[in-house]
Amino acid sequence: MATIHLMKPELSNLIAAGEVIERPASVVKELVENAIDAQSKNIYIGILDAGKGKILVRDDGCGMDREDAGMCFLRHASSKIRTEFDLNRIKTMGFRGEAIPSIASVSHVVLTTGTGNGAGTRVESSPDAELVIQDAPSRKGTIFEVSDLFFNTPARLKYLKSDKVETYAIIEMAEHLALGFPQVAIALAVDGKEIFHTTGRGDLLEAIQKIYGNRIVSSLYEIRKDGLYFSFHGYVGKPELSYSKKYNQLLFLNGRCIYDYRIQKAIEEAYRDYLPPLRYPFALIHMEIDPALVDVNVHPTKKEVRISMENEMAQELKECLVATLKAKRPLYDSANDDKTQNDLGLDAFDVSDLKEEEERKVQESLPEGKAVNNEKIYFQDSIPSVPSYEAPLPTRPLSAIGKETDASNKLVEPEKKAQANTEKGFDDILEKDSFTGALPEMHPIGQVLKTFIVCDAPDGFYLIDQHAAEERINFEKVERLFASVRSRVVPLIPAVLELSFKEKENMDEEHVARLLANGILIEPFGDRTILIKEIPSFLSDPDYLPILEDCVHSVLNNEKADPIRLMRLNIATIACKKSIKANQVLSLAEMEALIKDLAKCVNPANCPHGRPTLIKITREDVDKIFRRSGF
């Protein structure tokens, strides 16, 4: 007797529902994608009881006639594809013909549809029951009503999350659909309350504003790249717009929201110099590519896809982001950061308190029995008075630095000039003529807490972290210095490195040449071991052996390997040790020299670890502190 038999359609649909319909948000996704494929311009989504009670999706698309309305409940019935050729060029959101029968197998469904020509059609569906087909009012478009979701699968219903979590998932799914198709007006209502409503005008920035609000939109940079095989456009956030999770990095491929590790990694790499570790930027990228180069038939929910030119897209996106950030040279603005704004919300204080404190300090510093006339009490300067050979320097804008006359230069003794970066040859990396003036107009007026430089500006003032600023300067100097060194050295004792089987198989002329281009010469030494015979001169320190090994492994595993990139942490450590420390008093000449060098950097706004080097505090921020901005 045969033990293998065909499953009943009801059973196979129930099994398929376990893959396609995971939660109420999955129902919303499938129904809205069908509405988009039907060329809808307006889509309404209504939710009751976190989607477990009722889900309604109404559109104004092309609709269906009576025959198609009955066919859509059959498994693998689809209007999207007909041949194998169509499967290789998927241009629609859905194509398998599994969504509606899967939904109908775990809920009660009422479908009302029409093409606008003649009477409409109403179809009622329940699991293990025949379809009930009736006439309906003539209306072009489709309405799906899904109720009692998972009523016949108690285990699935039991393990749904709380109503709050499931509602959140539905809102997130609807937001992704609205952002993926800004040309479609999408409205979402939960328990009768409208959550959002996009206009459908095709303006991506407007759609972002409807979802995220004005503060996010005002902190975005636009990016765009058009290529022969693919193109992308979208918006990325300024560095101060960062998050502890990656949930605000959204990728859309031909309108479909996807996850792609390499492209996500490219975004993070582009922001590496601008954000601290474990902070992630806002990014919303639309990518368009020939459907023939994409395989969307690899995941039941199509969240993951296979892209033929994935590496090329990731590299192009990274280069575009890096170029945008370099061109914009973003500076940290306290007005755009909620946490800083909260920290700035200090209580107003009375100036008389400062006067009393100053008088007390002066009185304590005098010998016993001495007194001082209160009329001659002044506030201390922000920098303690220390012996110096330097003449007082006039306060002037940064743009005037470097234009002093020879006579004025003679006022400063050489041994008392700026102490930063005094090693011979090291100072020449940032040439004098490379000053771009990219920093805003500012001039130093003092130092607070022996750590932060205060600079006056026309529209506010800047606080510069002296250690972070010189750390950035030294980092770029060391990085450029190492990159300019092309010589190789022969180590006294060649390093022996053991390879894996696949690395050994990859060790051909091409990979050996790639390593040599990076300054590393290897030779076979035994079965699966090699000798590193020559290395770049800047990696001659034995402590850099792990970097050499990482570089060799990366190349032999067909990955990009750059010793400078792999040395980033070491370069940052060198820069940190060479930099001015906190609690170090600087003269005005040293401050001006530091700011001048900072302006020559590619990224003057962040230290190598992603912390800001300078923060702008506007006039409005100060007015808020002193209660001068309204009542």
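Sorting Glu441, Glu166 by accessible area puts them as Glu441, Glu166; the probe is 1.4 Å, largest comes first, and only protein heavy atoms count. Remark: region 41-147 carries 50 Å² of accessible area per residue (probe radius 1.4 Å; ligands, DNA and RNA excluded).
Kirkwood radius and radius of gyration were both taken over the C-alpha atoms of region 1-111, and their ratio Rg/Rh is 1.00.
What full-extension length gain, to one decimal in nm, is calculated for Gln134 and Glu498 as 0.36 nm per residue of separation minus the Cα-Cα distance?
Working: separation 364, 0.36 × 364 = 131.04 nm, distance 7.36 nm.
This chain segment gains 123.7 nm when fully extended.
Here the label points at Phe626 and Lys91, each 7 Å from Cα along the C-beta direction, are separated by 6.4 nm in the simple model.
In sequence order, region 588-600 has phi-based couplings of 4, 5, 5, 5, 5, 5, 5, 5, 5, 5, 5, 5, 7 Hz under the Karplus curve 6.51 cos²θ - 1.76 cosθ + 1.60, θ = phi - 60°, and Gly or Pro positions carry x.
Close amide H pairs (under 5 Å, H built 1.01 Å from N) link Phe196 with Leu188, residues at least 5 positions away or on another chain. Counting DSSP beta bridges with both partners in region 134-284, what percentage is antiparallel, nearest 5? Percent antiparallel among DSSP bridges in region 134-284 is about 90. Annotation: His5 carries an accessible surface of approximately 140 Å², with a 1.4 Å probe and no ligand, DNA or RNA atoms counted. The accessible surface of region 204-331, taken with every protein chain in place and a 1.4 Å probe, is 48 percent carbon and sulfur. Taking a sphere under 13 Å around the Cβ of Thr573 and counting the other residues whose Cβ falls inside, with K and R at +1 and D and E at -1, yields a net charge of -1. Counting charges near Asn311 (Lys, Arg +1; Asp, Glu -1) among other residues having Cβ under 14 Å from its Cβ returns a value of -2.
Modelled spin-label separation between Ala119 and Ala155, with each label point placed 7 Å from Cα along the Cα-to-Cβ direction: 4.4 nm.
Between His76 and Phe525, 0.36 nm times their residue separation minus their Cα-Cα distance comes to what? List each step's numbers first, then the result.
Details: separation 449, 0.36 × 449 = 161.64 nm, distance 5.83 nm.
Result for the pair: 155.8 nm of gain on full extension.
When only Cα pairs below 8 angstrom with a gap of at least 6 residues are kept, region 216-305 shows a relative contact order of 35 percent.
Each principal axis of the Cα cloud of region 80-139 was evaluated for its coordinate range; sorted largest first, these ranges are 37, 32, 16 Å. Simple spin-label estimate for Arg224 and Glu319 gives 1.9 nm between the two label positions (7 Å along the Cα-to-Cβ direction from each Cα).
Comparing region 490-549 with the 2.2 N^0.38 Å rule of thumb, its C-alpha radius of gyration ratio is 1.07 (two decimals).
Expressed as a whole percent, the accessible surface of region 16-167 that belongs to carbon and sulfur atoms is 50, based on a 1.4 Å probe.
The relative contact order of region 515-631 comes to 12 percent, based on Cα pairs under 8 Å that sit 6 or more residues apart. Solvent-accessible area of Arg627, all protein chains in place: 120 Å² (probe radius 1.4 Å, heavy atoms, ligands and nucleic acids excluded). In this structure region 470-607 gives 47 Å² per residue of accessible area when probed at 1.4 Å with all protein chains present.
Nearest 0.05, what FRET efficiency do Glu84 and Arg480 give at R0 = 51 Å with Cβ-Cβ as r? So, using R0 = 51 Å, E works out to roughly 0.40. With R₀ fixed at 22 Å, the C-beta to C-beta distance from Asn583 to Thr618 puts the FRET efficiency at about 0.20. Ranking of Tyr235, Tyr259, Tyr229 by solvent-accessible surface, largest first: Tyr229, Tyr259, Tyr235 (1.4 Å probe, protein heavy atoms only, all chains present). Across all Cα pairs in region 100-246, the calculated P(r) in 5 Å bins from zero up to the longest distance comes to 2, 7, 11, 13, 15, 15, 12, 10, 8, 5, 2, 0 percent per bin.
Equivalent ellipsoid semi-axes for region 113-189, as square roots of 5 times the alpha carbon gyration tensor eigenvalues: give them largest first, rounded to whole Å.
Working through the eigenvalues yields semi-axes of 28, 24, 8 Å.
Take the Cβ atoms of Glu312 and Tyr247, set R0 to 35 Å, and the FRET efficiency comes out at 0.85. List the pairs from Lys91/Lys161; Lys29/Lys246; Lys238/Lys596; Lys8/Lys41; Lys158/Lys303; Lys265/Lys302 whose alpha-carbon separation is above 30 Å, in the order I gave them. From the list (Lys91/Lys161; Lys29/Lys246; Lys238/Lys596; Lys8/Lys41; Lys158/Lys303; Lys265/Lys302), the Cα-Cα distance tops 30 Å for Lys91/Lys161; Lys8/Lys41.
The values are calculated or read from the model by the stated rules, or taken from the named source; none is laboratory data. Being a predicted model, the structure only gives us computed values, none of them experimental. For neighbour counting, all protein chains shown are included, and Cβ atoms are generated from backbone atoms with ideal geometry for every residue, glycine included. Areas reflect the complete protein model, heavy atoms only, side chains present, ligands, DNA and RNA absent. Shrake-Rupley method; radii C 1.70, N 1.55, O 1.52, S 1.80 Å.
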